[in-house]
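Scroll down for the structure; my scribbles are underneath it.
The values are calculated or read from the model by the stated rules, or taken from the named source; none is laboratory data. None of these values were measured; they are calculated from a predicted model. Quick note on the areas: whole protein, heavy atoms, side chains included, nothing else; ligands and nucleic acids left out. Shrake-Rupley method; radii C 1.70, N 1.55, O 1.52, S 1.80 Å.
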Amino acid sequence: MVHRRKFIQASVGGTLGIILGKIAAGNQAPAVLKGQPVVISTWDAGMEANKAAWEILSKGGRALDAVEKGVMVTEASQNCCVGLGANPDRDGFVTLDACIMDEFSNCGSVAFLERIKHPVSVARRVMEKTPHVMLVGAGAQQFALAEGFPLEEQKLSPEAAGAYQEWLLKSEYKPPLINVENKGHGPFAPARLSNGEWNHDTIGMVAMDTKGNLSGSCTTSGAGFKMRGRVGDSPIIGAGLFVDNEAGACTATGQGEDVIRVAGSHSVVELMRQGLSPEAACKKIIERIVKIKKEKAKNIQVAFLALNKKGIPGAYAIHPGFRYAIRSGKKEMLVNAGSYFKE
Ligand code: SD4
C-alpha cells in the first residue's frame, strides 16, 4: 500500500514536473506538488548549495543531512563571503556563526568561531554530541578541534581583503549597521565579484524530505567589519532559523539585530501554525520590524524565507533585491521576493 502510494507520487512528479514555470512580475512563489521533497535557500549562492542538498533529498535522504551538506558548499567556496575567506571583523579576524535544527526540535549552534572551515558541521556535533545547544568563541573552537575538525589558516578572498583595506582607510570604529548610501541595504548588500557573480555573507536553507520532515541550517560570517565578538541572528535558534515539524520552517537574512528583537524565524513559524501562508507570515514579521524601526527601516534590509508543511515556499523582505533559490523535482530556479518598500 505504502509502496503503491509512493509510486503514484513519483510518477506524478515525473510527468508534470514539480516547479511551475518562471516567476511573473508579481513575484509569486512556485507551486510544489505535495509530498515531494524540496529545498530552498537564501540568495544566489543557494543555487549551488541546493544542488548538494538535492543529491540527498532526491535519493530519499534526510532533510537534516541535506541542509548540512547544502550549506557546506557555500562555506567551502572561496568565491563567497560565508566561510573563512569572508569579510573580517574590524580587527581583521573572520568570525563565523552557524546553526542547524531537525524535525525533532534538536538543535545545535556555534558563534564567534574562528579558523574552522565548516561551522555548520560543528553546530551539528554540538547538537548530537553534547547536552547543549550553543557553544561560542574559544570553547566552540576547542570542541571543534576535539571532534577532529582541522584548524585552518584564515585566508581572505581578494574581494574581502580589498574591502577591508578600504574600510581601514576611515576605520570607523563602530559597526556599520546603517548605510544610507547603498539605498538602505546596509552592510548586508550583496557584493559583485570579479567573475560577475553576486555574493552574500549568509546562507540560510530549509528543506523537506520524502517523509515530509523539515530541517534547516544557517551559516554566516556576519556583518563585515563588525565589533569583535559581535554575534548576529544567524546562529540563534528562533531568530536566524527555526524549525517546527508540525508548522513549518523559516530562516532569516539581513540585519541580524533587527531579526533578533522580534524572534524573527520563530515568529514566522508561529504565524504559519495559525494558518498563514509562508509569504503572508514572512510579510507580517517584516511589517512588525518596519513598525518598530520607523524611519530607520528605510536604511536596513531584513528578509525571511519560509517553507510550510505542504512544501510551499514563501519569502518577504523590507527592500527589493532579496531572492532565493529553490530546487524541487527536475527544475531549479531563483525567485524574487516581494518587499515592503517597492524601490
Ligand atoms: C547577521 N543576518 O550576522 C546576518 C547577516 C546576513 O545577509 O544575513 N547577511 O546579522
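At a probe radius of 1.4 Å, what is the per-residue accessible area of LYS69, in Å² to the nearest 10?
90
Could you report the accessible area of TYR164 in Å², rounded to 10, computed with a 1.4 Å probe on the protein chains as they sit in the structure?
30
Between the alpha-carbon centers of region 145-175 and region 298-343, tell me the distance in whole angstrom.
So the separation of the two Cα centres works out to 29 Å.
Quick check on region 192-343: what does the Kirkwood estimate of hydrodynamic radius come out to from the alpha carbon pairs, in Å?
Kirkwood radius, region 192-343: 15.5 Å.
Ordering MET205, MET134 by accessible area with a probe of 1.4 Å, largest first, what comes out?
Ranked from most to least accessible, the order is MET134, MET205.
Note down the accessible area of ASP233, probe 1.4 Å, to the nearest 10 Å².
Approximately 10 Å² for this residue.
When the Cα centres of region 36-87 and region 206-223 are compared, how far apart do they sit, in Å?
9
Of LYS170/LYS296; LYS69/LYS283; LYS69/LYS211, which pairs sit farther than 25 Å apart, going by alpha carbon to alpha carbon?
The pairs that break the limit, which is 25 Å between Cα atoms, are LYS69/LYS283.
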